[in-house]
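Here's the structure, in structure tokens; my notes come after.
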């Protein structure tokens, strides 16, 4: 496993916290994308006891977008490889076997917004700001990720203008789960993580697969996909432990089997 210079992490039982740590503003570049891809593709190796991950940013901002110096050398010949690395970093978060909660403070713009929107949930600090400013710097991208947080009308407004919008402005659209004072951000994200982590690890892994799998399906094919995972889950001991504990009015004891 290569050294990871721009990520830091801590595990507290089933709850893990991972920080973007590339001063001064956690701007993404080739190295950070590569580290995100490596870490989240292999997250069980780094965090074997985790069931839920909180993804946060060190310093003043969650992530202020792509390092603009890399766009200065972007051209049609080198773009495919560079852009592939960026999307593979986002997909590694999205496809992580663990639910991931973005804890956003400061700004999450451009690639920072894409990182946050690749997570399962977003909890924001008061005054946190979001944007897809790609049109401001002569590139495109981020609109599809933004569509996981706001409806199409807001996607187009934010993408065409490139302007910053506060968490408070975006909260009514449902993509942000909660807004809290900045000094309570990690605490609030941890509270949600604990509520999730009390469930069976095998059930959570299959739930993540289920939610990703049905996100863009129609009702009938989506429900059929869920039922197929119910069939798979029924073969695990944790599935029977969950229903037996509920019927016996006791706390379940999960083994991950």
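Looking at the stretch 71-107, which of its residues are more than 30 Å from residue 178 (Cα to Cα) and in contact (Cβ under 8 Å) with a residue 60 or more places away in the chain? Even if it seems obvious, please write down each step before you answer.
Here is the first cut: in the stretch 71-107, the ones more than 30 Å from residue 178 (Cα to Cα) are 71-85.
Of everything in the stretch 71-107, those that are more than 30 Å from residue 178 (Cα to Cα) and in contact (Cβ under 8 Å) with a residue 60 or more places away in the chain turn out to be 71, 74.
Looking at (1) touching a helix residue (DSSP H, G or I) at 6+ places or on another chain (Cβ under 6 Å); (2) in the same structural domain as residue 122 (by TED's automatic domain parsing), which one does residue 229 not meet, given that it meets all the others?
Here residue 229 meets the rest and fails (2).
On the phi < 0 side of the Ramachandran plot, surrounded by 24 or more Cβ atoms within 10 Å (Cβ to Cβ) and not in a strand (DSSP E or B): is that true of residue 103 in this structure? So that I can check it myself, show each step before the final result.
Details: on the phi < 0 side of the Ramachandran plot: yes; surrounded by 24 or more Cβ atoms within 10 Å (Cβ to Cβ): yes; not in a strand (DSSP E or B): no.
No, not satisfied.
If I ask for residues that are part of a helix (DSSP H, G or I) and under 18 Å from residue 104 (Cβ atoms), which ones from the stretch 1-54 would you list?
Looking only at the stretch 1-54, we keep the residues that are part of a helix (DSSP H, G or I), and these are 30-41, 43-46.
Scanning the stretch 1-54 gives 32, 36, 40.
Quick one: would you say residue 69 is in a helix (DSSP H, G or I) and surrounded by fewer than 16 Cβ atoms within 10 Å (Cβ to Cβ)? Before the answer, list the steps.
Values: in a helix (DSSP H, G or I): yes; surrounded by fewer than 16 Cβ atoms within 10 Å (Cβ to Cβ): yes.
Considered against the rule, which asks whether it is in a helix (DSSP H, G or I) and surrounded by fewer than 16 Cβ atoms within 10 Å (Cβ to Cβ), residue 69 comes out as yes.
Determine which single condition residue 253 fails, assuming it passes every other condition in (1) assigned by TED's automatic domain parsing to the domain that holds residue 99; (2) part of a loop (DSSP other than H, G, I, E, B); (3) exposed (fewer than 12 other Cβ atoms within 10 Å of the Cβ).
The failed condition is (1).
Testing residue 163 on (1) under 17 Å from the mean Cα position of the chain (by Cα); (2) not in a helix (DSSP H, G or I), one condition comes back false. Which one is that?
Condition not satisfied by residue 163: (1).
When the stretch 55-66 is examined, which residues are found to be in contact (Cβ under 8 Å) with a residue 60 or more places away in the chain and in a loop (DSSP other than H, G, I, E, B)?
Within the stretch 55-66, 62, 65 meet the criteria.
Determine, yes or no, whether residue 247 is surrounded by 14 or more Cβ atoms within 10 Å (Cβ to Cβ) and modelled with pLDDT of 95 or more.
No; evaluated as a whole, the condition is false for this residue.
Working carefully through the options 218, 238, 183, 163, find the one that is in the same structural domain as residue 111 (by TED's automatic domain parsing) and more than 23 Å from residue 133 (Cβ to Cβ).
On the way: 218 fails: in the same structural domain as residue 111 (by TED's automatic domain parsing); 238 fails: in the same structural domain as residue 111 (by TED's automatic domain parsing); 163 fails: more than 23 Å from residue 133 (Cβ to Cβ).
Among 218, 238, 183, 163, only 183 is in the same structural domain as residue 111 (by TED's automatic domain parsing) and more than 23 Å from residue 133 (Cβ to Cβ).
When you go through 192, 180, 150 one by one, which is the residue that is touching a residue at least 24 places away in the same chain (Cβ under 8 Å), under 17 Å from the mean Cα position of the chain (by Cα) and closer than 21 Å to residue 58 by Cα?
Values: 180 fails: under 17 Å from the mean Cα position of the chain (by Cα); 150 fails: closer than 21 Å to residue 58 by Cα.
Just one listed residue meets the conditions, 192.
Residues checked against (1) on the phi < 0 side of the Ramachandran plot; (2) crowded, with 23+ Cβ neighbours inside 10 Å; (3) touching a helix residue (DSSP H, G or I) at 6+ places or on another chain (Cβ under 6 Å); (4) assigned by TED's automatic domain parsing to the domain that holds residue 51:
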{"position": "94", "(1), (2), (3), (4)": "yes, no, yes, yes"}
{"position": "111", "(1), (2), (3), (4)": "yes, yes, no, yes"}
{"position": "123", "(1), (2), (3), (4)": "yes, yes, yes, yes"}
{"position": "127", "(1), (2), (3), (4)": "no, no, no, yes"}
{"position": "130", "(1), (2), (3), (4)": "yes, yes, yes, yes"}
{"position": "140", "(1), (2), (3), (4)": "yes, no, yes, yes"}
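Mind telling me which of the residues 85, 170, 146 ends up being surrounded by 20 or more Cβ atoms within 10 Å (Cβ to Cβ) and closer than 17 Å to residue 66 by Cβ?
Working: 85 fails: surrounded by 20 or more Cβ atoms within 10 Å (Cβ to Cβ); 170 fails: closer than 17 Å to residue 66 by Cβ.
Just a single option satisfies the conditions, and that option is 146.
The values are calculated or read from the model by the stated rules, or taken from the named source; none is laboratory data. Here the structure is a predicted model, which is why all the values come from computation and not from measurement. Heads up, the Cβs are rebuilt from the backbone with ideal geometry, glycines too, and the neighbour counts pull from every protein chain shown.
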